[in-house]
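Written below as structure tokens is the structure these notes are about.
Quick note: the coordinates plus some simple rules give every number you see, no bench work behind them. From a predicted model like this one, the values you see are computed outputs, not experimental measurements. Every residue, glycine as well, gets a Cβ built from its backbone with ideal geometry; the counts of neighbours run over all protein chains shown.
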């Protein structure tokens, strides 16, 4: 099993973000920003949690229900902590910057509120998208590196085999008949 179980992660995101059983969504709203940016940030945290091993190897034999409950609880707490401590700071900084700029440009209260809402929503959504892209790239990087290394290793073996056959047995045809000639040359060399 790789990382956190998907069922625990799905339950945690369902409880936390969809049903709103969280400190962040109930009490700690940091700015009047739309929720799209925070949902993208929740997806980032979910991607990181999916790649992390919560329980040590000896606890893999624990009861499935116990592990599911504990993983779900840990995910919910992590989501709440990251949203209130990290995302809240990002939203607050964006909100302060937008208010500072809009106070210089807009005098009408209705226009000010509309611009504040849409600019804050746009900026936090772009930040959330960037963080999600970076997180997905970073959590997939080890598997990409392993796949790239194994592909590189296979191509090096193939080219070394071809070059050794060419040196040892004098094959000159580099087209599709190459493997057959190399095998024939090896058989004649062995006998």
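General remarks:
- Ranking of 149, 23 by neighbouring Cβ atoms within 10 Å, starting from the fewest: 149, 23.
- Here residue 50 and residue 151 are evaluated by their C-beta separation; at R0 = 22 Å the FRET efficiency comes out at 0.35.
- Label-point separation in nm, residue 39 to residue 84, each point 7 Å along Cα→Cβ: 2.3 nm
- Cα convex hull of the range 6-150, projected area averaged across orientations, nm²: 11.1 nm²
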